[in-house]
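Please read the structure below before turning to the comments.
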Protein chains: 2
Amino acid sequence: MQYYVDGFRGGDPDRKTAAPGVRDRDPFAPLPEKVDVLIAGTGPAGLCLAAQLAQFPEIETMIVERDPRNITKGKADGINTRTMEMFQAFGFADTVKRESYWVNQTAFWMADPENPAHIKRIGRVQDVADDSSEMPHILINQARLHQLFLDVMENAPTRLQPDYNWAVRDLVVDPDAEEYPVTVTLEDTGVDWGQTRTVRANYVVGCDGARSNVRKAIGGELHGDAAHQAWGVMDILANTDFPDVRQKCLISSASEGNILILPREGGYLFRMYVELDKLSANERVADRKFTREDMIAAANRIMAPYSIDVKEVVWWSIYEIGHRLTDRFDDVAPGEDRNPRVFTAGDACHTHSPKAGQGMNVSMQDTFNLGWKLAHVFQGRADARLLRSYSAERWLEAKRLVDTDHEWARIMSAPPGQSALDAGDEPRFVQAFKENLEFTGGLAVKYDPSELIGEPTHQAFATGQEIGRRFHSAPVVRVADAMQMQLGHVAEADGRWRLFAFAGAGDDGQAGGAIARLAKWLETDAASPVRRHTRANEDIDAVIDLRAVFQQTFDALSYEGMPSLLKPCKGRLGLQDHEKVFCVDHKGLGDIFDMRGIDRDQGCMVVVRPDQYVAHVLPLDGYDALSAFFAGFLLPVGQAG
Amino acid sequence: MQYYVDGFRGGDPDRKTAAPGVRDRDPFAPLPEKVDVLIAGTGPAGLCLAAQLAQFPEIETMIVERDPRNITKGKADGINTRTMEMFQAFGFADTVKRESYWVNQTAFWMADPENPAHIKRIGRVQDVADDSSEMPHILINQARLHQLFLDVMENAPTRLQPDYNWAVRDLVVDPDAEEYPVTVTLEDTGVDWGQTRTVRANYVVGCDGARSNVRKAIGGELHGDAAHQAWGVMDILANTDFPDVRQKCLISSASEGNILILPREGGYLFRMYVELDKLSANERVADRKFTREDMIAAANRIMAPYSIDVKEVVWWSIYEIGHRLTDRFDDVAPGEDRNPRVFTAGDACHTHSPKAGQGMNVSMQDTFNLGWKLAHVFQGRADARLLRSYSAERWLEAKRLVDTDHEWARIMSAPPGQSALDAGDEPRFVQAFKENLEFTGGLAVKYDPSELIGEPTHQAFATGQEIGRRFHSAPVVRVADAMQMQLGHVAEADGRWRLFAFAGAGDDGQAGGAIARLAKWLETDAASPVRRHTRANEDIDAVIDLRAVFQQTFDALSYEGMPSLLKPCKGRLGLQDHEKVFCVDHKGLGDIFDMRGIDRDQGCMVVVRPDQYVAHVLPLDGYDALSAFFAGFLLPVGQAG
Ligand SMILES: Cc1cc2nc3c(=O)[nH]c(=O)nc-3n(C[C@H](O)[C@H](O)[C@H](O)COP(=O)(O)OP(=O)(O)OC[C@H]3O[C@@H](n4cnc5c(N)ncnc54)[C@H](O)[C@@H]3O)c2cc1C
Ligand SMILES: Cc1cc2nc3c(=O)[nH]c(=O)nc-3n(C[C@H](O)[C@H](O)[C@H](O)COP(=O)(O)OP(=O)(O)OC[C@H]3O[C@@H](n4cnc5c(N)ncnc54)[C@H](O)[C@@H]3O)c2cc1C
C-alpha cells in the first residue's frame, strides 16, 4: 500500500486527508439542494457505489436511506471470490479474511440407502478450485460489510456519510435540462415523518432493493417467476452432534426436505436454510405463518439421526424463492437515443434465490461497474455516452445469472430420489454444484466486445487473461523491494486503468527492448493514450497506470536502467514511485507467464479496466490499436504532441 | 478468530463488551486513588503491558504518561519477526503486514575496489531465512504501533486509556504493607503544571525510558559504555538515483563513513542512519551541533556516485550509541528474599544501539514476559513468587543482547578496509550480518530451566520446539472446517497456557488412542492440571488450552469420535468450541511433524507459555511430569478429584 506521496501524515494510512469544502455534517446542517449523484439505499449496492464515488472530491455524492441506521444482522452472508477481489481494491479484504468464515470444503449429505431415515455424508468438494482466485469464498454478517464500506466512505477525502431517515418517494427527469435534470422527492422517515423535500441531481442511482421506488419511477418492472417454494433461514448459536457443522453442507433427506448449512464468522454461529412446504399457486409465504420453532423442528427431522440444540436464535426470516429481472437498468426506453440519467442496481433490478449466494455479490458488482464510469464523466475524461454501457453490460450478466440460478434452485429443490438417480456415480446436485463453482464464485462473468471491451484478435498472447473477464491475478515479485505479492493487488478502487506490459524473452527493461520502447512511446508520443488522456497537471499515471512484468527473477534485473515511465515522479513533492516494475516469483509460488498463458517469446499488453475486467490484449508494439481503443471512449484532454 | 461465544454482538469483533464498572473516563473524573498496577510511560514497553493487562477486568490498571499525547513520528521503526509473532497474539499483525514495509532482502554496498570513491553493491541476503518464522521483518513508524496498542486497550473489556500529562516523580515501597504497598508521587505536566498527587498501587512498572524515574527510585543504575560514535537518523521523502533505495542497505564507503538505509511504510518514505564523527572521550553528541544539512551532505558523500534529493525531512535526530544495562529489573536487592513490587522494563533498564533495531522489540518482549505473570497473580492462579522470574529471565536476555549488540555495532563502525579484508570471500560485516539474523529476528531468546521452563529430558520428541525458546509455528489444517492456518496463531494474548498434543502414528483421536487417553485424563483425573488449576465456574480451557494435531489429513479423520475435551462447551451459552483439533496440511505447505522434528512414532506434548515460549516437551503419557510442572507455580484452585 502506497501513501505519503504528498508528504508525511501520521495515523491510520487508510484515512485520507479531507478535501477542502467537504459538506458540513453537523446534525442541524441543511441537506444540499443539488448534488451530482444521489444514491437511494444503503444496501451493498448503494454502499459499494458510495465508497467508490467518495474517492472523488469533484463529485458531490449523497446517499439516502429510509432506515434510521445500518442494519445489525441478517440478510445475505456469502461473499464469493470475485467480490473478495473487489474488496481488495477497496482495501478491506484482509480485514474480511481475518474475521470471516472461509468456505474451504462443501460437504454433501443424503439419505443413507441402507437406512433412508438417516442422512449420511456422500462426499466433499474443495469449494474454491486451485488457482481460480487468490481469494477465499467467505461468509460474514452483511451488516459488518456495510460497516466496512461506511468506513471507506468516512475515511475518503469527501468524508461521505449516509443521510439516514430519508426515503426516495419519487423522481422526475427533465430530458431537456443540461444541469441537474433529475428532481427527486425525498420523504422524511424520522422525526418529521412524512414531510417531503426535493433535491436536484445530475444522476440518480436506485439501490433501493426489491421494492425500489426508483425503478418504479422510471417505469421498470420485475419479471419472472416465484418458485412457490418457501424456505426458512436462521442464524443460530447451537450445539449439535452433526460432525460437519463447521463446513458448508447441502443436506438432502429422504422425505423431510433439504437444508443448507453455512458456518459463519467467529467459530460458533451458523446459518441454516431449511426447505419448508411448497406453496400453492396463489399462496404468499406470509400466509403460512411459519415460526422459528417450525424451522428448528424441520431441521431436526431432516438431519436425523443428528439433532440440533439451539441456544440463541440471532436472526430468522421466511423466504419465497423468486428469480426476477427488469428489462433495463436505466431510464432510457427502448428506441430512445439519449444518455441515461437514472439507474437501478442490485435487488432493485434483479432478484435471486439466496441459495446460490449471489444477490449481495451481484449487487456490488453492478455498482462497481457503474462507479468508475460516473467518475470518468464527472472528471471530464469521457462523454456521458459511456454511461449507456452500464445497462448493456450488467443486464446481460443479470439475465445469465437469473437463468443459471433458476436452474440451480430447481435442482436443489428436486426430490432427492430423482436427483440422486439420474447421474451415475454422483448425485445430480453434487455434479451441478461442481459445474457451477466458477459461476457461483462470480468468476464466469464475461462482457461482450464493445467500445470498452476489445475484440479477441490477440487473445493468444495471454490465454489466461480472457478479454471481457476479470483480470486473473497471479504471484509476482516487485523488483524495487523484492516483495512477493499478487499482481492483481496493484489495482485499487481509484477509477484508473492498468496497463500490464509483460516482457518478451530476454527483455530486461533496458533501453532498446520492447518494454523500454513502449514506455517511451507512452510517455512522449503525441498519439500515446497516456499523453492524450492525461491532463498536464495530473500525475502521469492518473488515467492509465503502466506496470511491467519481466521473466527474470528480481536479482537478475537492474533497476537503474528501467524506463522513466516505470519510475514516475508524482504528487505534490514529485516523489518517485517505485512500485511499477515486477518480475516472476523466485520462491516457488509459480511463474505468472506460465500460469496465465502469456506468450513468453513476444510478451504482450493486457489492458485492465478500473473495475478489474480485462479490456484488451495486444502485442507489445500494438501502439495504434492501443491509441484507438482508448480514443473510443476517452476524451482528448491531454497535452498536445 | 473466535467470537460470539457469549451470544451475538454486532459490529467490530475486536471490540469486546465492556466489563461492568469500568472507570469513568470523563475528563473531569478524578484519578483513582488506588490501582492494582501502575505503569509509567506509554512507549512500546508500557503500551504492550497495558494492552495485555487491559484484557483482565479483575485488574485495575493505570498507565500514566508525561507527554500530552501519543507521539506522531520518529524513534524506532524496526519490528522483527518475533515481535510480529507477538502482534499476531494481540490481533493486529495483519494490519501491520498490510501497512508496513517488508524487509525482504538486505543489500551490501562497499567502495568499489576499482574506483574507491564510488560505492558498489557487493551482495544481497534474504533477510528472513526460510521457515525461520511465518512472519516478515517489517519497518513502520513507532507512533503507528503505539496507536495499534492503544486500540487494543480501548477495545478491551476494561476500555483502558492512558492518563496523559502525568509523570511519575518518585515512589516508595512499604515492604510491610500487604495491600497497595507502593505509594507513587505523580506530577502534573499539563495545565496544573508541577502539582503533585499520590496514587497507591500493588505493583508499579517503570516503562519510562532511558531516564527512568522508576529505576532511580528503586536504586537502579545503567552501566555500560558510550561508544563515542555519533550517528544521525532521519526519515525523509526524497528522490535518488541509488537503485536499492527500496531495500535495506548497509553502505560502507572508503573514507566517508557508513550509512544504513531502511525503506519505510507507504512506498516513498525512508530512513537513513548516517555515521557522523567519532566523539572524543568526554564529548557529548549535543556539543557537536550537527544539523540535518550535515547529515544530508554526509549521506551524499558516502553514497557517491549516487545522490539524494531530499524533498521533505519528516523527522531527524542525532544519536550517540550506548549499550547499557541495570543490575536487576525489580526492586529486590541482592540477598533480599521477598517478592518484587516494582519493575522496570525496556529502555528504563537496558539501552542499545539503534542499528540492530532491537530497542523497541526487546522492550515489548520484556513486558510481554511480565504481563501474564501479573495476571496470574491477580487472578489468584499463582503465588506472587512467580513475579521473581521476570527479572531473572529478562535480565539474562538483556545481557546477551547488549553483548551481541555491542559487538555488532563495533563491526559496523569498523573502518571498512579492515572489515573488508579479514574474511576471505565475504566482508566481515556481511558475514556478521548473516550470522546475526536469528538473533536480530528476536528468535535466539532462550530461557534457562526454572520453575517455568522444564528440563530438556524429552527434547528429542520435538527437536524443532526447543524448550526455553519461542514456540515455532508451522502450517496445519483445522479439522472441523478444513481451514489452512498457522498452528501458532491459536495463541492469543489472553494469559492462557497451550498444551499441544501431537498424535503418534496411527492415532486418529478415537477412543483407545493416546490422545483420547490424555484428553480423558486431563478432563477427569484428580491429578490433572486442568482440573487442579481451573475453577469450577471457569471454562475448562481457561488456564490450560489443549489442542491436538494429527498426522492424517483432515478427510481421513472422523470428527465425531474426538474426545470431549477437544470439543468443550464454553461461555454463557455453553457453546461447543470446534477449533481444538488440527492435522497436517494437505495442500503442500509442509508437514508440521517433519518441519518441527516431532516424533512420528510416539507423538508428544508441547507445553507453551502465555508469552509463546516452549515450557516443556513431554511424552504423551507423561501425566505425572505434566502435573508436577504446573503444580510448580500454579495454585490448586480447581475442583477436588
Ligand atoms: C429480509 C431479507 C433477507 C435476506 N436474506 C438473504 C439471504 O439469506 N441470503 C442472500 O443471499 N440474500 C438475502 N437477501 C438478499 C440480499 O440481502 C440482497 O440481495 C442484497 O442485500 C441486495 O443488495 P441491494 O443493495 O441491492 O439491496 P438491499 O440490501 O435490499 O438494500 C436496499 C436498501 O435501500 C433501502 N430503501 C428501500 N427503499 C428505499 C427508498 N425508497 N429510499 C431510500 N432507501 C430505501 C432499504 O432500507 C435498504 O437499506 C435478503 C434480503 C432481505 C431483505
Ligand atoms: C529520540 C529517540 C530516538 C530514537 N530513535 C531510535 C531509532 O532510530 N531506532 C531504534 O531502534 N530505536 C530508537 N530509539 C529507541 C527506541 O525508541 C526505544 O528503544 C523504545 O522506544 C523503548 O521503548 P520503551 O517503552 O522502553 O521506552 P520509550 O519509548 O522511551 O518510552 C518511555 C515513555 O515514558 C515517558 N516517560 C518518561 N519519563 C516519565 C515519567 N517520569 N513519568 C511518566 N512517563 C514518563 C516518555 O515520555 C515515553 O513516552 C529512539 C529513542 C528516542 C528517545
Length added when fully stretched, A:R211-A:E179, from 0.36 nm per residue minus Cα-Cα
8.7 nm
Which distances, shortest first and in nm, link A:K278 to the matching position in the other copies, using label points set 7 Å out along Cα to C-beta?
9.6
Compute accessible area for the range B:1-24 by itself and then with all protein chains, 1.4 Å probe, and report residues whose area falls by 50 Å² or more.
B:M1, B:Y3, B:Y4, B:F8
How would B:C604, B:C569 line up by accessible area, probe 1.4 Å, largest first?
B:C569, B:C604
Quick one: which bits of the range A:457-480 get at least 20 Å² less accessible when the partner protein chains are in, versus the chain alone, with a 1.4 Å probe?
A:A480
Cβ-Cβ cut-off under 11 Å around A:A298, Lys and Arg +1, Asp and Glu -1: the net charge is -3
In terms of the Cα gyration tensor, with a ≥ b ≥ c the square roots of its eigenvalues, is the range B:148-200 rounded because a/c is under 1.5, prolate because a/b exceeds b/c, or oblate?
oblate
Tell me whether the range B:459-632 comes out rounded, prolate or oblate; compute the Cα gyration tensor, take square roots of the eigenvalues as a ≥ b ≥ c, and use a/c under 1.5 as the rounded threshold.
rounded
Rotation relating B and A, chain A residue nearest the axis via C-beta, angstrom
A:D94, 3
Note the distances from A:A460 to each other copy's matching label point, with points 7 Å along the Cα-to-beta-carbon direction, in nm, sorted shortest first.
6.4
Using a cut-off of 17 Å between alpha-carbon atoms, which lysines can reach A:K587, once sequence neighbours fewer than 8 places away in the same chain are excluded?
B:K587
Report the semi-axes of the equivalent ellipsoid for chain A in whole Å, largest first, where each axis is √(5λ) for an eigenvalue λ of the Cα gyration tensor.
42, 32, 22
How do A:R98, A:R159, A:R498 rank by accessible surface area computed with a 1.4 Å probe, from largest to smallest?
A:R98, A:R159, A:R498
Given a Förster distance of 41 Å, report the FRET efficiency between A:E435 and A:H489 from their Cβ-Cβ distance, rounded to the nearest 0.05.
0.90
For the range B:329-339, 3J(HN,Hα) per residue [Karplus equation, 6.51 cos²θ - 1.76 cosθ + 1.60, θ = phi - 60°, Hz, x = Gly/Pro]:
9, 9, 9, 8, 6, x, x, 5, 10, 8, 7
Going 7 Å from Cα along the Cα-Cβ axis for the label, what nanometre distances separate B:Y164 from the same residue across the other copies?
2.9
Can you give me the long-range amide H partners of A:Y306? Hydrogens built in the peptide plane at 1.01 Å from N, cutoff under 5 Å, separation of 5 or more residues or another chain.
A:I119
Taking R0 as 60 Å and r as the Cβ-Cβ distance between B:E293 and B:D12, the FRET efficiency 1/(1 + (r/R0)^6), rounded to the nearest 0.05, comes to 0.85
Accessible area of A:I540 in the full protein assembly, 1.4 Å probe (Å², nearest 10):
50
Could you report the buried accessible area between B and A, both sides summed, computed with a 1.4 Å probe and given in Å² to the nearest 100?
5600
For the pair A:D403 and A:A117, what calculated FRET efficiency results from E = 1/(1 + (r/R0)^6), where r is the Cβ-Cβ distance and R0 = 35 Å, to the nearest 0.05?
0.45
1.4 Å probe accessible area per residue over the protein assembly as shown, in Å²
36
Pairs over 23 Å Cα to Cα, from B:K248/B:K355; A:K75/A:K289; A:K16/A:K520; A:K120/B:K567; B:K520/B:K580; A:K97/B:K73, come to A:K16/A:K520; A:K97/B:K73
What GluC sites (Glu not before Pro) in the range A:21-66 are in a loop by DSSP, with at most 14 other Cβ atoms within 10 Å of the Cβ?
A:E33, A:E58
For B:A29 and B:V125, extending 7 Å from Cα along the Cα-Cβ vector and measuring point to point gives, in nm, a value of 5.0
Farthest toward positive dipole pole in the range B:459-632 [+1 Lys/Arg, -1 Asp/Glu at C-beta], among B:A628, B:V490, B:Q551
B:A628
Does the range A:427-486 classify as rounded, prolate or oblate by the C-alpha gyration tensor (a ≥ b ≥ c root eigenvalues; a/c under 1.5 gives rounded; else a/b over b/c gives prolate, otherwise oblate)?
oblate
Sorting B:G454, B:S212, B:Q576 by the position of each Cα along the dipole of chain B (Lys, Arg +1; Asp, Glu -1; all at Cβ), the one nearest the positive end of that ordering is B:S212
Note down the relative contact order for the range B:466-546 as a percent, whole number, built from C-alpha pairs under 8 angstrom at least six residues apart.
22
Treating only Lys and Arg (+1) and Asp and Glu (-1) as charged, each at its beta carbon, one finds that the protein assembly as shown has a dipole about its Cα centre, in Debye to the nearest 20, of 840
In nm, to one decimal, how far is the B:E560 label point from the A:A286 one, both placed 7 Å along Cα→Cβ?
4.4
Could you run the Karplus curve 6.51 cos²θ - 1.76 cosθ + 1.60 with θ = phi - 60° over the range A:558-565 and give me ³J(HN,Hα) per residue in whole Hz, x for Gly and Pro?
10, 6, 3, x, 5, x, 5, 5
Heavy-atom accessible area order for B:I218, B:I79, largest first, 1.4 Å probe
B:I218, B:I79
Going through the range B:287-388, which GluC sites (Glu not before Pro) have at most 11 other Cβ atoms within 10 Å and a DSSP loop state?
B:E336
Tell me, what is the 1.4 Å probe accessible area of A:K580, in Å² to the nearest 10?
0
Under Karplus coefficients 6.51, -1.76 and 1.60, residue-wise ³J(HN,Hα) of the range A:58-72 in Hz, glycine/proline x
6, 10, 8, 10, 10, 10, 9, 9, 5, 6, x, 6, 4, 5, 10
What is the range B:459-632's relative contact order, in percent, from Cα pairs under 8 angstrom and six or more apart in sequence?
36
List the equivalent ellipsoid semi-axes of the range B:190-330 in whole Å, largest first, each obtained as the square root of 5λ for an eigenvalue λ of the Cα gyration tensor.
37, 20, 15
Would you check the accessible area of A:L557, probe 1.4 Å, heavy atoms only, in square angstrom rounded to 10?
20
How big is D, in µm² s⁻¹, for the protein assembly as shown by Stokes-Einstein at 10 °C and 1.306 mPa s if Rh is the Kirkwood radius over C-alpha pairs?
48
Interatomic Cα distance distribution for the range A:87-153, bins of 10 angstrom, percent
17, 34, 24, 16, 7, 1
Under a Cβ-only charge scheme (Lys and Arg +1, Asp and Glu -1), can you give me the dipole magnitude of the range B:1-127 about the Cα centre, in debye to the nearest 20?
340
Ignoring chymotrypsin sites (Phe, Trp or Tyr not before Pro) that are buried or in helix or strand per DSSP, and keeping those with at most 11 other beta carbon atoms within 10 Å, what is the longest stretch of chain A between them?
A:194-641
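The values are calculated or read from the model by the stated rules, or taken from the named source; none is laboratory data. The shown structure was predicted, so the numbers you read here are calculated from the model rather than taken from an experiment. Glycine also receives a Cβ, built like all others from the backbone with ideal geometry; neighbour counts cover every protein chain displayed. We work out accessible area using only protein heavy atoms, side chains counted, and drop any ligands, DNA or RNA first. Shrake-Rupley method; radii C 1.70, N 1.55, O 1.52, S 1.80 Å.
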